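What follows is one structure encoded as C-alpha cells, with my remarks underneath.
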Amino acid sequence: MRDVWTVLRKELKELSVVDGGLITSLSFLAFVGLIGVILPLQIGPVWVRATWPVMFWAWMPLFLVTTVTADSFAGERERHTLETLLATRLPDWAILIGKVGAAVVWVWMATMICLPVGLITLNIAYADQGPLLYTPSAAVGVMIVAFLAALLGASLGVLVSLRASTVRQAQQALTLCVMVLLLGPALSLRFMPTDWVDALMTLFIQGDPAAVAFALSATFLGIDAFLVLAALARFQRTRLLQS
Amino acid sequence: MTISRLGFGAGAGCRADLRTIRATRGGEKAGTSLRSGGQPVTKKQMVSLNHASSPRLAGSDDRQRRRRLALRSHERVRERGDAPADQPMAAIRTHGLTRDFSTVRALDRLTLEVPRGSVFGFLGRNGAGKTTTIRLLLGLLEPTSGGATVMGFDCFSQSMEVRKRCGVLLEQHGLIERISAIDNLELYGRIWRIPRKIRRARVRELLERVDLWERRKEKVRTWSRGMKQKLAIARALVHRPAVLFLDEPTAGLDPVAAASLRDDLLTLAERERVTVFLNTHYLTEAEKLCDILGIIRDGRLLALGSPEELRRQGARRRVRVTGSGFSETVLEMVRSRPEVSWLSREEDCLLVDFQDECRAAPIVRLLVRLGAEIEEVRQVDNTLEDAFHSLMNGEVPPSGSWLVKAG
C-alpha cells in the first residue's frame, strides 16, 4: 500500500502543478462555481428534493475524470517519464492502482466540494424556505455513487491510456467510451417494453433518492470491478514500452 | 574449448564456459560461477576488489589503479585459460541474449560479463542494440532467447530484484519537469523507500555534488539539458544502486556541458562504488570513462576489451612516410606489394597500411630505389576511432581477447 500511496502522491502533485498550478486552480474554481453555485441556483430547491439530481452526481464525475486519466500513461509516455518509472522497484499493480486512485481522489474531492457548496448556495438563495438539506441516506448515496462513477471513469481512462501513444489519442478514445456510457442507457430505453420504461421514469422522478443512488452504485460496482481487473491484466511492463 | 572473459555466443556450437569474475562488495558473500548451461560451479577461493574496505576512489590515479586491478584480474583469467578462484563476481552477465522485433533482430546472442566496480562502455551506432540491451537487463523487455543476470538475479524471472539494485538514466532523462528538482529526488527517494531523514540528507548530498543545491526549488522545465542530465544522474543514484545504467548521457550536450557531466559522473560513480553500464556513441567519452568496452553492430557484439586492447586489435598497422617524389608510378609500385593493404597520398606524405606482421623497411627501401626522397618514417598511433571504424566497416574480423570463440 505504501507504493500505491507513493504513486498516488506523485500523480496528485503533478495534477496540482500542471501549467504552473494557476490554470489548475482557476479551472477548479470555475468548475466549483458552475456546479456548486450556478447550477443549484438555476434549478432551485428541487436540487435537493428530487431524485434525478442523483443521476447528475453519477454523470458528473464520469465526465470530469476523463480529462485527468487520459494523461496517466499516455501523458507519461509522451513526456518520456514512463520508462524511468517502470525501471524502478514499484510493482505493476501499485503503479496502476496509484494512478487510478489519484484520478478518483481528484474527481471525488471536486464532487464532494461541490455538494456542500450547492447546499450553502441554495440555503442562502432560498433562506425563506427553511433549511434545504439532502436526507442522510441520499447524501451517503450520492457520495458513494460519485465515488464509484469516478472509479469507473478512472479505470476506463487508465485502461485506454495504457495503450494510447499520445494524450490526444487517449482523450479521443475516452470521449467515445464516455459517450457510449452516457448515451447507451438512454438509447436502450427505445428498445425496452413501454411498461419497463414507465417504471424506470417513475423511479427516477418520484422514487427514493437513496434507493436510486444505491441501485446505481450496485451497477457501477460491478462494472468497476471488471474494469479494474481488466486494467490489471493488461498492465504489463514488458508490453508497455512497445506500444 | 577456448575460454575467454567476455564475448558473444557463436551459435549453437558455442560450448565455451563463462567463468565469473568476483568481487565482494562491503563484505558480501561471493556467489558461484555459471557454466553456459546454467550449472553453478563453486569456487573455493575468493579474493576480490573489496571496494568497501578500500579508501575512497576520488582522483584519476585511483581510477587508474582500480582499472589496473580490474584488468589484471582479467589478464590472469586469460593467461590461465580458467577462472581463478580469486575473481570478483560479475555484476552483469548475459548469455546468448537475443531479442527480435517483428522482422528485425535487435540483439543477437549477446554474451558478456561486466565485473563489479567497473565502468563498462557499450559502443555502437544508433540502432545497434544498445538501448534494447539495457531494457532487457532491466526486465523491461522479454528476450526472444538467452538469459541475463544482474547482481546474481535473473533479469526476467527476478526483474524486481534487479530493478531494486539498479539506477537508470535512459535515453530521455525521465524527470518530471512540472515539479522542482528537489521534489523529483524526493519522489524517487520515496519510491525507493528511503526513510525521510536519510532521504533528505541524501537528496541534499547529491544535489550539492552536482552543484544544483542552490537551484533545488526551481522547476526542472526551465533548466538546460546539461542540468537536467546532472539531476537525472543524481536521481539514478539516490538509492545507492549497485549498478548504474546510463544510455547516452551526454547526447545532445555541448562539449563543455558534456565534459562537466562526464566529470560529475565519474566522481559520483567512484564515490558511490557503483558498476556502470554506459551506452554511448562517443568514442572520447568511452575512452575516458570506461575500463572495458564492447563494440556492437546490428545487434552483434564485435569486440570486447579495454580501450587499449581494442586500439591494438581493431586498428591497422599504419606508417606515415614524409618526403617528396611520390609519383603515380611510385604509388602503383608500392600499392602492388603484397604486404601493403592500403595506401594514400596526402600532400607531402604517404599513409601506408601494412598486413599483419609485415615490416615497413622493405617498402622504405623500395621508395628510395624508385627515386623518392624520404625525410621521416613514423608509425601512426592507432586510435580507438580507427579500431571502431575498422570494426564497423568490417575491415577487421570480430575479435577481442575476451571474446568467446566457437568450441
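The values are calculated or read from the model by the stated rules, or taken from the named source; none is laboratory data. This structure is a prediction, so every number in the text was calculated from the model and none was measured. Cβ sites come from the backbone with ideal geometry, for glycine too, and all protein chains shown count toward neighbours.
Within the set A:I43, A:I38, A:I23, the sole residue that is out of contact with any helix residue (DSSP H, G or I) (no Cβ under 6 Å at 6 or more places or on another chain) and modelled with pLDDT under 80 turns out to be A:I23.
Given the condition touching a residue at least 60 places away in the same chain (Cβ under 8 Å) and within 14 Å of chain B (Cβ to nearest Cβ), answer yes or no: does some residue in the stretch A:212-235 qualify?
yes
Selection of strands (runs of 3 or more DSSP E) fully inside the stretch B:79-182 by the criterion of at least 1 residues being among the basic types (K, R) and either more than 12 Å from chain A (Cβ to nearest Cβ) or crowded, with 23+ Cβ neighbours inside 10 Å (or both) returns B:90-101, B:104-115. Here A:I113 does not qualify as within 14 Å of chain B (Cβ to nearest Cβ) and touching a residue at least 24 places away in the same chain (Cβ under 8 Å).
Could you check the stretch A:58-87 and list, in sequence order, the residues that are touching a Cys at 6+ places or on another chain (Cβ under 9 Å) and at pLDDT 80 or above? Give the steps one after another, and end with the answer.
Applying the first criterion (touching a Cys at 6+ places or on another chain (Cβ under 9 Å)) to the stretch A:58-87 yields A:60, A:66, A:87.
The answer is A:M60, A:A87.
Any idea which residue in the stretch A:1-20 is farthest from the chain's Cα centre (by Cα), counting only those that are at pLDDT 75 or above and acidic (D, E)? If you could, list the steps in order and put the result at the bottom.
Residues of the stretch A:1-20 at pLDDT 75 or above: A:1-16.
Retained after the next criterion (residues that are acidic (D, E)): A:3, A:11, A:14.
Numbers: A:D3: 23, A:E11: 16, A:E14: 18 Å.
Here the answer is A:D3.
Which of the helices (runs of 4 or more DSSP H) contained wholly in the stretch B:284-374 include at least 2 residues that are modelled with pLDDT of 85 or more and farther than 30 Å from B:D254 by Cβ? Before the answer, list the steps.
Values: elements: B:307-314, B:328-335, B:361-369.
Those helices (runs of 4 or more DSSP H) span B:328-335, B:361-369.
Among the residues of the stretch B:146-167, some residue qualifies, meaning at least one is farther than 30 Å from B:A387 by Cα and hydroxyl-bearing (S, T, Y). Looking at this structure, is A:V212 within 19 Å of the chain's Cα centre (by Cα), in a helix (DSSP H, G or I) and at pLDDT 85 or above? No; evaluated as a whole, the condition is false for this residue.
Comparison of A:A74, A:A30 shows that the only residue that is over 25 Å from A:P136 (Cα atoms), buried (at least 20 other Cβ atoms within 10 Å of the Cβ) and either more than 11 Å from chain B (Cβ to nearest Cβ) or in contact (Cβ under 8 Å) with a residue 12 or more places away in the chain (or both) is A:A74. For A:R237, all conditions in the list (1) modelled with pLDDT of 80 or more; (2) surrounded by fewer than 18 Cβ atoms within 10 Å (Cβ to Cβ) hold save one; what is the number of the exception? A:R237 satisfies all of (1) modelled with pLDDT of 80 or more; (2) surrounded by fewer than 18 Cβ atoms within 10 Å (Cβ to Cβ) except (2). Among the residues making up the stretch A:141-151, those that are among the β-branched types (V, I, T) and at pLDDT 85 or above are A:I144, A:V145.
When the stretch A:171-204 is filtered for residues that are under 16 Å from the mean Cα position of the chain (by Cα) and surrounded by 12 or more Cβ atoms within 10 Å (Cβ to Cβ), the ones remaining, listed by number, are A:Q171, A:L174, A:T175, A:C177, A:V178, A:L181, A:L182. Kindly establish whether B:P255 is surrounded by fewer than 23 Cβ atoms within 10 Å (Cβ to Cβ), more than 18 Å from B:W213 (Cα to Cα) and touching a Gly at 6+ places or on another chain (Cβ under 8 Å). Taking the combined requirement at face value, the residue does not satisfy it. Hey, any hits in the stretch A:79-98 for a residue that's over 30 Å from B:A232 (Cβ atoms), more than 11 Å from the chain's Cα centre (by Cα) and either away from chain B (no Cβ under 14 Å) or small (G, A, S) (or both)? Among the residues of the stretch A:79-98, not one is over 30 Å from B:A232 (Cβ atoms), more than 11 Å from the chain's Cα centre (by Cα) and either away from chain B (no Cβ under 14 Å) or small (G, A, S) (or both), which makes the answer no. Of the candidates B:L141, B:L170, the single residue that is in contact with a helix residue (DSSP H, G or I) (Cβ under 6 Å, 6 or more places away or on another chain) and within 26 Å of B:L185 (Cβ to Cβ) is B:L170. Among the residues making up the stretch B:333-351, those that are in contact with a strand residue (DSSP E or B) (Cβ under 7 Å, 6 or more places away or on another chain), in contact (Cβ under 8 Å) with a residue 12 or more places away in the chain and exposed (fewer than 14 other Cβ atoms within 10 Å of the Cβ) are B:W342, B:D348.
Can you say whether A:L64 is in contact (Cβ under 8 Å) with a residue 60 or more places away in the chain, within 14 Å of another protein chain (Cβ to nearest Cβ) and buried (at least 17 other Cβ atoms within 10 Å of the Cβ), as far as the supplied structure shows? Judged against the criteria, A:L64 is not a match. The set of residues in the stretch B:183-221 being in contact (Cβ under 8 Å) with a residue 24 or more places away in the chain, outside any helix (DSSP H, G or I), within 19 Å of B:P241 (Cβ to Cβ) and within 10 Å of chain A (Cβ to nearest Cβ) consists of B:W192 alone.
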